[in-house]
Structures are given as C-alpha cells and as structure tokens.
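Throughout, read-outs are computed from the coordinates displayed, never taken from laboratory work. Note that the structure is predicted; figures quoted are calculated from it, not measured. Cβ coordinates were reconstructed from backbone atoms using ideal geometry, including for glycine residues, and neighbour counts include every protein chain displayed.
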Amino acid sequence: MDKKEFNESKSFKSNIGFYIALTICIVTIAAAAWTTYGSVAEYNGQVSETTSLPSDDVKVNNDVSGQDYESSVAEKSVIEESSEMEVSEEKSIAESSVSETSRTFSEPVTETSRDTAPRPPFETCTIIKKFSPNDPLKSNTTSDWRTHQGIDVAAKSGEAVHAMRNGTVKSIYNDTMLGNVVCIEHIGGYTAYYCGLTDTPNVKEGDIIYAGDTVGYVGAVPIEMLDESHVHIEVQKNGEYINPVKIFSK
C-alpha cells in the first residue's frame, strides 16, 4: 500500500470512529430526553387527576374533614339535639325549682302547721243574734221576720276580728246586704264568711292564716244597721250552713 492509500484508509477509520461516537451521543441524548418526557407526562397526569373536577362535584363539596357530608350533618344534628336537650333539662330544673318555691306558699294548712287550737273571733264572745236557719227572727232594720244563716257577735267598731281556725283566704268582696266580706277556707272542710268588716282587711286572697290571726276590723252590716255594733259570721260545710259556734267552741 502506498502512502496515499494509507492516509486515505487512516482518514476513513477516523471518520468512522467520529460517526460512531456521534451516534452514541445522539442515542444517549434521545434516551435522556425520552425519560424526562415520560416523567413530565406522568406528573402532568397526576396533577390533572388531582385538580380536575369529577362529574359529581356536589360530593366533593360535601366532603367535610375526610368524612361524608351526610354523616357529618347527622353528627352535627345529634350534637345540636343533645345541646337542646341539656338546655331543656336545665330549664325544666329551673322551672321545677321555681314551682317548688311557689308550692311552699300554697300547701294546705293542717292542725300541725302551727300549734294553735280553734279560737272565737273575739276575746270575749257575746252572741246577740243566734243561728236560726229555719225559724225566722225579727229584724230591727227591715222590720220583718227572716231566717238567720249565721251568728251576730257583739264588738266595738274598729275592733280586730280573729280567724277561728287555720286556713287559706279564698276571696275578699263586698256584699250589698252583708258589707265587706272575707271568705276563708278553714281546715276540716269549713268555709267561713266574716261579714260587716271595714274596707281595709288585714289579709289578701291566697294568704295562709292561723287561728287567732287578725282577719279584719269591725265595720257595719247594711242589712242589720239598726242592731248594736257587731260582726256577722256564717259557716258552711259540704254546701250547707252550720252553726259557726261549732267550729271554735271547745
């Protein structure tokens, strides 16, 4: 081989080596590019799955702290109902306490409520007109004969009238014939009417009183104006008039 052919052969081999190296570089770069592209595509796919809205977007909006919306609402409802029940119970307890407090003022009076025995309406009890429900008595005021459903007890004008037994004031009113009246429901089933009092009674409706307490003060009985100063007292039991003396005499 001459020198020229040798140089050409040498140049050809050098070119082949260059092209091989170039090919290897291109392949390497392509592989690297393909790998990078795959990673980017995969990443974009994950991002797309994460950010894209599903068809049932209501369900996504109904997710609460990783729990289903309906379950969360149900738990919230239970909590609210529980709170309302607690408030209701506290209110009931408060109302019960008020009721108990009120009840202490309306309990029926009994013989043991206070150690007092039945007493007459006055210290000195002088009856000037007796109980006469069947036999008429002459009235000085009307000048006629009429039955007398109670008793008239002599007393000075303004003198204190005392309760004959323990009881509760049922009503206070004015009667055209009997004057100012205090009605008391006494223990034992008796209802007493203290008539002919002044217009300033010493009690009010609903008061609990005891034998000897002041009910009011002697005023006037219109239907008996011409009789001496007194108080007119009537007593009923089971709807029938009875002699008032029976409920305070020993």
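If the segment from Lys237 to Thr28 were pulled out straight at 0.36 nm per residue, it would be longer than the present Cα-Cα gap by 62.9 nm. Exceedance of the 20 Å cut-off in Cα-Cα distance is limited, within the set Lys170/Lys237; Lys130/Lys237; Lys130/Lys246; Lys138/Lys237, to Lys138/Lys237. Taken along the Cα-to-beta-carbon direction at a fixed 7 Å, the label points for Tyr173 and Lys138 span 3.4 nm. In order along region 137-146, the phi-based Karplus estimate (6.51 cos²θ - 1.76 cosθ + 1.60, θ = phi - 60°) of 3J(HN,Hα) comes to 10, 6, 9, 6, 7, 9, 6, 9, 10, 8 Hz; Gly and Pro are listed as x. Near Gly179: Cβ cut-off under 10 Å, other residues only, Lys/Arg at +1 and Asp/Glu at -1. The net charge is -3.
For region 103-250, the Kirkwood estimate of hydrodynamic radius, built from reciprocal distances between every pair of different alpha carbons, is 15.4 Å.
Electrostatic bookkeeping for Val169 treats Lys and Arg as +1 and Asp and Glu as -1; over the other residues with beta carbon under 9 Å from its beta carbon, the sum is -1. When each of Cys195, Cys183, Cys125 is scored by the number of other beta-carbon atoms lying within 10 Å, the sequence from fewest to most is Cys125, Cys183, Cys195.
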